[in-house]
1. Return yes when TYR39 is out of contact with any Leu (no Cβ under 6 Å at 6 or more places or on another chain) and closer than 22 Å to PHE96 by Cβ and no when it is not.
2. Just one of LYS2, LYS56 is under 20 Å from LEU91 (Cα atoms), surrounded by fewer than 12 Cβ atoms within 10 Å (Cβ to Cβ) and modelled with pLDDT of 95 or more; which is it?
3. If I filter the stretch 73-86 for residues that are under 16 Å from THR7 (Cα atoms) and of a type in the set (A, V, I, L, M, F, W, C), do I get at least one hit?
4. Regarding VAL64, is this residue touching a Lys or Arg at 6+ places or on another chain (Cβ under 9 Å) and buried (at least 17 other Cβ atoms within 10 Å of the Cβ)?
5. Among the numbered criteria (1) part of a strand (DSSP E or B); (2) modelled with pLDDT under 90, which one does SER98 miss?
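The values are calculated or read from the model by the stated rules, or taken from the named source; none is laboratory data. The model shown is predicted, which means the values in this text are computed figures rather than measured ones. Cβ: placed from backbone, ideal geometry, glycine included. Neighbour counts: every protein chain shown.
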Amino acid sequence: MKIVKFTRFDDVDHDVGYECRGYNYDIQSEEDVFLIRIYDDEPGRATVVRPTPVSKNGNLRKLVEFLQSELGVSKVYLYKGDLGSYAEIDLDSLGFCSV
């Protein structure tokens, strides 16, 4: 598993009071490429933007371990279809945390 690309994003619209800054990471594991987003105001939290759904992906355990060791992540969020938004997963079981 390796970071193949990372880019800075600064999504800002002062007129509507919106400010979102951080980094996008493309992380490759064999044939899979994961797009990970980490926001400046939540440095220990990684959001797996794509692919969705990723919870059944066989490389999810490796991805979580990589995010923890290489990017210092302590929380991982995946898209939860029935909720219609991103939700935190338990880093041990890889299941969604209870709300």
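1. On the way: out of contact with any Leu (no Cβ under 6 Å at 6 or more places or on another chain): yes; closer than 22 Å to PHE96 by Cβ: yes.
So TYR39 passes the test.
2. Numbers: LYS56 fails: modelled with pLDDT of 95 or more.
Unique residue meeting the criteria: LYS2.
3. Within the stretch 73-86, none of the residues are under 16 Å from THR7 (Cα atoms) and of a type in the set (A, V, I, L, M, F, W, C).
4. Details: touching a Lys or Arg at 6+ places or on another chain (Cβ under 9 Å): no; buried (at least 17 other Cβ atoms within 10 Å of the Cβ): yes.
For VAL64, the condition - touching a Lys or Arg at 6+ places or on another chain (Cβ under 9 Å) and buried (at least 17 other Cβ atoms within 10 Å of the Cβ) - is not met.
5. Condition not satisfied by SER98: (1).
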